[in-house]
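Peer 1: Below you will find the structure I want to go over with you.
The values are calculated or read from the model by the stated rules, or taken from the named source; none is laboratory data. In this text, all values refer to a predicted model and were calculated from it rather than measured experimentally. Every residue, glycine among them, receives a Cβ derived from its backbone with ideal geometry; neighbour counts consider all protein chains shown. Heads up: the accessible areas ignore ligands, DNA and RNA and are worked out on the full protein's heavy atoms, side chains in. Shrake-Rupley method; radii C 1.70, N 1.55, O 1.52, S 1.80 Å.
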Amino acid sequence: IMEPKHIFKIEEDFENIRLDKWFKKKIKPLPQSLIERTLRKGKILVNGKKAKSSYKIQINDEIKIYADIDNDDKIIKKKFSYLPSKKDYDLVKNNILFENEHYLVLNKPYNLAVQSGTKTGKNIFDILKNYSETEYLTPHLVHRLDVETTGILIISKTHKSAKFFSETFKNQTIKKSYLAVADGVLENKSGTLKNELSYVENNKEKIHLSITNYKVISETKDYSLLLLNPETGRKHQLRRQLSFIKHPILGEKKYTNKGLNKSKELHLMLHACKVEFIINSKKIIHHAEPPLYFQNFCKEQKLTYELNNL
């Protein structure tokens, strides 16, 4: 009888998570097809039996792995072409605003992706996960910010915390506030933007209702500093909605007519400045200072805000 190469006992942190997901997080981020094949061949057994990838693992389950995952040719092809440097790690570490054993709050720098995509190499998720073997074993992404958007990003450190935050974002019981510098002067100084935005998902067009509350907190004859509270979390929602009302966020290039935005050379002036949520009936608030280029632009243009009063 073959001896298993690895034996794992499931700890609390992974309870009720899918077997394939656990494998990717805990063992190795293999392609789904390879995990399925290894399971079919009975090279991964749960409590001595074959299992499906969708099986939800339980505390004290015993998982035996008979596949030689360390030396298999198909597996050795490294999935990560990007490996973080100490400089990348320090950039992320130095921007942590708050951290406990459950989650951390990062003031995300400009032009740093949250996770790897088709075009991006360097990203926060891989920096935390792959730079330090011990410190951030399994960071969990519970929401996203665009590459060009700065500010508050919550990253969970445990499965339990990830579940909590994923649910608060989904149920919209977390309040997110953004600062944005928009072009021009808005007629109504506060209000709600409601748009049916179309997205292409799996080659089909889908329409999603998008809702954002806004308030002008400072203005000049050229610009408005807005406080934005999105009620829905659609992709590029704030950028699209403000372009739609012809007051694009400065530095926004994707949804804005070329002639309309005078600020080609500016960074995107959109910053996630605050989050509020409730844990154990206690209200938790985190604030994040905008980056220097944002602060300097506001000073030059005499646009004022007080972070702690937002």
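Peer 1: Every residue in segment 123-140 that is in contact with a helix residue (DSSP H, G or I) (Cβ under 8 Å, 6 or more places away or on another chain) and at pLDDT 85 or above, please.
Peer 2: Result: ILE124, ILE127, LEU128, PRO139, HIS140.
Peer 1: Consider segment 217-235. How many of its residues are assigned to a strand (DSSP E or B), polar (S, T, N, Q) and more than 21 Å from the chain's Cα centre (by Cα)?
Peer 2: Start the filter on segment 217-235 by keeping residues that are assigned to a strand (DSSP E or B), which leaves 217-219, 223-230.
The next check asks that each one be polar (S, T, N, Q); those that pass are 218, 224, 229.
Next, only the ones that are more than 21 Å from the chain's Cα centre (by Cα) stay: 218, 224.
Counting residues in segment 217-235 that are assigned to a strand (DSSP E or B), polar (S, T, N, Q) and more than 21 Å from the chain's Cα centre (by Cα) gives 2.
Peer 1: For segment 2-46, give me each residue that is among the aliphatic types (A, V, I, L, M) and either open to solvent by 20 Å² or more (accessible area, probe 1.4 Å) or free of Cβ contacts under 8 Å to residues at least 12 places away in the same chain (or both).
Peer 2: Let us first name the residues in segment 2-46 that are among the aliphatic types (A, V, I, L, M), namely 2, 7, 10, 17, 19, 27, 30, 34-35, 39, 44-46.
Once the filter is applied, which keeps residues that are among the aliphatic types (A, V, I, L, M) and either open to solvent by 20 Å² or more (accessible area, probe 1.4 Å) or free of Cβ contacts under 8 Å to residues at least 12 places away in the same chain (or both), segment 2-46 yields MET2, ILE7, ILE27, LEU45.
Peer 1: Let me ask something additional. Taking LEU268 as meeting all but one of (1) more than 25 Å from the chain's Cα centre (by Cα); (2) in a loop (DSSP other than H, G, I, E, B); (3) within 29 Å of ILE284 (Cβ to Cβ), write down the number of the exception.
Peer 2: All conditions are met except number (1).
Peer 1: When you go through LYS194, LYS160, LYS189 one by one, which is the residue that is surrounded by fewer than 16 Cβ atoms within 10 Å (Cβ to Cβ) and more than 28 Å from MET269 (Cβ to Cβ)?
Peer 2: Values: LYS194 fails: more than 28 Å from MET269 (Cβ to Cβ); LYS189 fails: more than 28 Å from MET269 (Cβ to Cβ).
LYS160 is the lone residue from the list that is surrounded by fewer than 16 Cβ atoms within 10 Å (Cβ to Cβ) and more than 28 Å from MET269 (Cβ to Cβ).
Here's the yes/no breakdown for (1) on the phi < 0 side of the Ramachandran plot; (2) open to solvent by 40 Å² or more (accessible area, probe 1.4 Å); (3) touching a residue at least 12 places away in the same chain (Cβ under 8 Å):
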{"residue": "ILE207", "(1), (2), (3)": "yes, yes, no"}
{"residue": "ILE211", "(1), (2), (3)": "yes, no, yes"}
{"residue": "VAL216", "(1), (2), (3)": "yes, no, yes"}
{"residue": "ARG234", "(1), (2), (3)": "yes, yes, yes"}
{"residue": "HIS247", "(1), (2), (3)": "yes, no, yes"}
{"residue": "THR256", "(1), (2), (3)": "yes, no, yes"}
{"residue": "PHE277", "(1), (2), (3)": "yes, no, yes"}
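Peer 1: Same structure, new question: Determine the pairs where a residue that is in contact (Cβ under 8 Å) with a residue 40 or more places away in the chain, located within segment 97-108, has a partner that is among the aliphatic types (A, V, I, L, M) and open to solvent by 70 Å² or more (accessible area, probe 1.4 Å) with Cβ atoms under 9 Å apart, the partner being 6 or more residues away or on another chain.
Peer 2: Qualifying pairs under 9 Å: LEU104/LEU97; VAL105/LEU97; LEU106/LEU97; ASN107/LEU97.
Peer 1: Right, something else. Among the candidates VAL185, VAL181, which residue alone is modelled with pLDDT of 95 or more and farther than 18 Å from ALA288 by Cα? Walk me through it before giving the result.
Peer 2: Working: VAL181 fails: farther than 18 Å from ALA288 by Cα.
On inspection, the qualifying residue turns out to be VAL185.
Peer 1: Against the condition within 17 Å of the chain's Cα centre (by Cα), among the acidic types (Asp, Glu) and open to solvent by 70 Å² or more (accessible area, probe 1.4 Å), how does GLU167 come out, does it pass?
Peer 2: Yes.
Peer 1: Considering every residue within segment 189-204, establish whether at least one is at pLDDT below 95 and of a type in the set (A, V, I, L, M, F, W, C). Steps first, answer last, please.
Peer 2: Keep residues of segment 189-204 that are at pLDDT below 95, which gives 195-204.
Remaining after also requiring of a type in the set (A, V, I, L, M, F, W, C): 197, 200.
Within segment 189-204 (the criterion being at pLDDT below 95 and of a type in the set (A, V, I, L, M, F, W, C)), the answer is yes, since at least one residue qualifies.
Peer 1: Which of the residues spanning segment 285-300 are open to solvent by 30 Å² or more (accessible area, probe 1.4 Å) and not in a loop (DSSP other than H, G, I, E, B)?
Peer 2: Answer for segment 285-300, where residues must be open to solvent by 30 Å² or more (accessible area, probe 1.4 Å) and not in a loop (DSSP other than H, G, I, E, B): ILE285, HIS287, LEU292, TYR293, GLN295, ASN296, LYS299, GLU300.
Peer 1: Sticking with this one: What is the one condition in (1) in contact (Cβ under 8 Å) with a residue 24 or more places away in the chain; (2) in contact with a Lys or Arg (Cβ under 7 Å, 6 or more places away or on another chain) that TYR136 does not satisfy?
Peer 2: Result: TYR136 fails condition (1) only.
Peer 1: State whether the residues of segment 114-121 include one that is small (Gly, Ala, Ser), in a loop (DSSP other than H, G, I, E, B) and buried (at least 16 other Cβ atoms within 10 Å of the Cβ).
Peer 2: For segment 114-121, residues small (Gly, Ala, Ser), in a loop (DSSP other than H, G, I, E, B) and buried (at least 16 other Cβ atoms within 10 Å of the Cβ): present.
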